[in-house]
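Notes follow the structure.
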Amino acid sequence: MARAILQRDNLVTPPMNFHTFPNTGSLNLSAVGSGGSAVASSDFTRAANQTLKCTTGAGMNLEVRKTAAYTMNNRRMGIWVYVPDYTLWSSFLLYVGSANFAAFSNFTYSFGAADKQYNGWHYIDTQADGWAGGTPTDFTITQQDWKIRCIPQPSKVAVCYFDLVECAYWHRAKLLLTYDDENAGAWTDTFGIQYANTLGLKANLAIIASQVGTNVQWMTTAQVEAAYAAGNDLIVHGLHGSNGVLSNGESQVLIDVLANRDYLDSNDWTRGSRFYVYPNGTYQGYAGDLSVLNPIKTAGMLAARGTVSPVTMQPKIGSANLYYLTHIGMQAADAPATVISRIDSLIQRGQIAFLMFHDIVAAGATTTQVNSADHKTVVDAIASRMRQGLIDVPTFSQWYTSLIGGRALG
């Protein structure tokens, strides 16, 4: 039996509050840099408290430091920060360590990574395997010093707003199973979606309305109905071109999204009809392009899954980042052991990932297909870990409800 997905169920070990901004009296702001400033602000807030507005000098690093005792022996620290224009930022470099950083470790949050390239609330979630440092701190002892270095792009003045720093938390990992394009084999195979359902695993089927029932490659309407009745979510997919708006134009993207959304709604398959999977993973034509994102927001989509790296995501997600959800993909060339190893890494990190499949065939899988036996091996491993309480496997709608139940989205 699958465990029920409850509000805040993703939170296993509550965080210890290290600092709630602005509270400048306990901070060392002597290294804000030439032309920089750090002041209390109500411009962007997540709760009742103000934030700390940090403005760099042109091309100058800015540091916020706090000297205080704290523990984070599981190497986990989370920071909420609002970024109004990510293109002005290079990275945030977090330092933890002993007094005066005689020993220290650092963690880099780089805006060069595709999943960081959005404006809005960011949650910097450190992972145990993401720390570096010339003289690494001993994480098993009490830390004494903390700072974050804010690094703008060369010659740029950049602004951000710090809200909260917390540490020593732990979240149960979440894995969402997605099956793109309503391939009939994914549903009818002996060890396909229906087999996963018998193990207590629910799935998310990304539907292209114009394909349903047109030939034996695709699921029939009756099969789609049966999948929904079995507790799986049906989510919006599409056919607006491998290069998104570069091939069809923004208006055609919107027409496509609405057609697939309305198909689900008209059949009363509504649980997942406000969640989206980008065709071919194309969520933008170039860095900062909103021509795909704008239409899906207009169509009322609440979140969207693409195919960008990294494969796992932080356990708390700012509202803007809900449209850049990443995944673990399994295709013919991927050995089950490799995929299972990635899932175990997800569990270790206490993070979130989508596991993407397309078609399932008896044998001889090519390109995006997966052999039936390989699919069975992977879902058996997932079910085993779920029974041990190591991971949750919710549908898209269950996960979203759990997420917003746990906290207000940024």
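The values are calculated or read from the model by the stated rules, or taken from the named source; none is laboratory data. Here the structure is a predicted model, which means the values were calculated and not measured. Heads up, the Cβs are rebuilt from the backbone with ideal geometry, glycines too, and the neighbour counts pull from every protein chain shown.
Could you tell me which of the residues Asp262, Asp189 is exposed (fewer than 15 other Cβ atoms within 10 Å of the Cβ), farther than 24 Å from Asp392 by Cβ and charged (D, E, K, R)? Step through it out loud before you land on a result.
Numbers: Asp189 fails: exposed (fewer than 15 other Cβ atoms within 10 Å of the Cβ).
Sole residue among the options that is exposed (fewer than 15 other Cβ atoms within 10 Å of the Cβ), farther than 24 Å from Asp392 by Cβ and charged (D, E, K, R): Asp262.
Considering each residue of segment 192-211, count those that are outside any strand (DSSP E or B) and buried (at least 16 other Cβ atoms within 10 Å of the Cβ), and give that number.
The qualifying residues number 12.
Looking only at strands (runs of 3 or more DSSP E) that fall completely inside segment 1-54, which ones have 1 or more residues that are more than 30 Å from Ala99 (Cα to Cα) and modelled with pLDDT under 95?
11-13
For segment 83-128, give me each residue that is more than 18 Å from Gln314 (Cβ to Cβ), in contact (Cβ under 8 Å) with a residue 60 or more places away in the chain and buried (at least 16 other Cβ atoms within 10 Å of the Cβ).
Leu88, Ser90
Condition (residue is in contact with an Asp or Glu (Cβ under 6 Å, 6 or more places away or on another chain), part of a strand (DSSP E or B) and at pLDDT 90 or above) applied to segment 175-187: is it met by at least one residue?
yes
Need at least 3 residues that are at pLDDT 70 or above per element, so show me which helices (runs of 4 or more DSSP H) inside segment 228-320 make the cut, counting only ones lying wholly within it.
Once the helices (runs of 4 or more DSSP H) in segment 228-320 are filtered for at least 3 residues that are at pLDDT 70 or above, what remains is 250-266, 293-298.
Does segment 126-140 hold any residues that are among the polar types (S, T, N, Q), modelled with pLDDT of 85 or more and under 13 Å from Met72 (Cβ atoms), and which are they?
Correct list: Thr126, Thr137, Thr140.
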